[in-house]
Amino acid sequence: MPALRNLRNIAPFMLEGMLYGWNVTYTPSDAARRIAEYYECTPVTEVSPDDPAIEWTESEITDTTISCWLDYTRSDAQMQYRKWWNSVKIVKIQGKGSAPIALGPEGIKQSVIDAAKTAIRAYLQKAEKNKPKEMTGSILLADESPRIYIDHGQYVADLDFFLYVDKIEKYSYY
């Protein structure tokens, strides 16, 4: 079925976010300096759809919903990595993103990436007095059950993340 094939296509992307996270680079837009917003989000480690640790346990399709459950057995190294993300040094942030459903499965991925950008932007607005020139770091999906739904023709991802800020570069002059 196409719906289940799409879920199997999206699952590795979501697991990347839950297991390893994504490296991010964000530059806020600044009209006074004529700088356009820039955002890049790349996986720390890619997860293959054929990863033997992925086990599909349930799938259910009704007239209005599609749900699936999968189990992923983490290695000891992955467990230690997650413990690091749960440490006190890491900030928890929240963001909501959206993308047109016409994009299909790529729309779901885009809404997740947009939610991460929204969360980072909100964090920087609270944490920094002045707009930074650039922020680099990593972001990890915090929830075990991401909330993604359809609203008014848009995929909407309402997600919590852990944010590790590697560097915030400030403008040296105006």
Response to the item:
Here the residues of the stretch 63-78 lying in the modelled label zone of residue 51, meaning backbone nitrogen under 14 Å from a point 7 Å along Cα-to-Cβ, are 70-78
Worksheet, complete the sentence: Of the listed pairs 92/167; 117/167; 109/170, those with alpha carbons more than 28 Å apart are 109/170
Item to complete: Please express the Cα-Cα pair-distance distribution P(r) of the stretch 94-174 as a list of whole percents, one per 10 Å bin, running from 0 to the bin with the greatest distance.
Response: 19, 42, 26, 12, 1
Worksheet entry | Of 108, 64, 85, farthest towards positive along the dipole that unit charges on Lys, Arg, Asp, Glu beta carbons give the chain | 85
Fill in: Diffusion coefficient, µm² s⁻¹, Stokes-Einstein with Kirkwood Rh over alpha-carbon pairs of the stretch 1-83 at 25 °C and 0.890 mPa s
159
Worksheet item: Kirkwood Rh, the chain, all Cα pairs: how many Å?
Response: 17.3
Worksheet item: Under a 1.4 Å probe, what is the accessible area of the chain per residue, stated in Å²?
Response: 60
Fill in: aspartates and glutamates whose Cα lies under 20 Å from that of residue 129, excluding same-chain neighbours fewer than 8 positions away
30, 37, 166, 169
Discussion item. Given a 1.4 angstrom probe, I'd like the percentage of the accessible area of the stretch 1-122 that is carbon and sulfur, rounded to a whole number.
Written reply: 53
Worksheet item: Could you state the number of Å between the C-alpha centres of the stretch 111-131 and the stretch 24-53?
Response: 12
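Just to confirm the filter: which GluC sites (Glu not before Pro) across the stretch 88-166 are DSSP coil and have at most 13 other Cβ within 10 angstrom of their Cβ? Numbers along the way, then the final one.
On the way: sites: 106, 128, 134, 144; in loops: 128, 144.
The qualifying sites are 128, 144.
Quick one: if the Förster radius is 25 Å, what FRET efficiency do residue 73 and residue 39 give, using the C-beta to C-beta distance and rounding to 0.05?
Once the sixth-power term is evaluated, E becomes 0.15.
The values are calculated or read from the model by the stated rules, or taken from the named source; none is laboratory data. The shown structure was predicted, so the numbers you read here are calculated from the model rather than taken from an experiment. Cβ sites come from the backbone with ideal geometry, for glycine too, and all protein chains shown count toward neighbours. Calculation scope for accessible area: heavy atoms of the full protein, side chains included, ligands and nucleic acids excluded. Shrake-Rupley method; radii C 1.70, N 1.55, O 1.52, S 1.80 Å.
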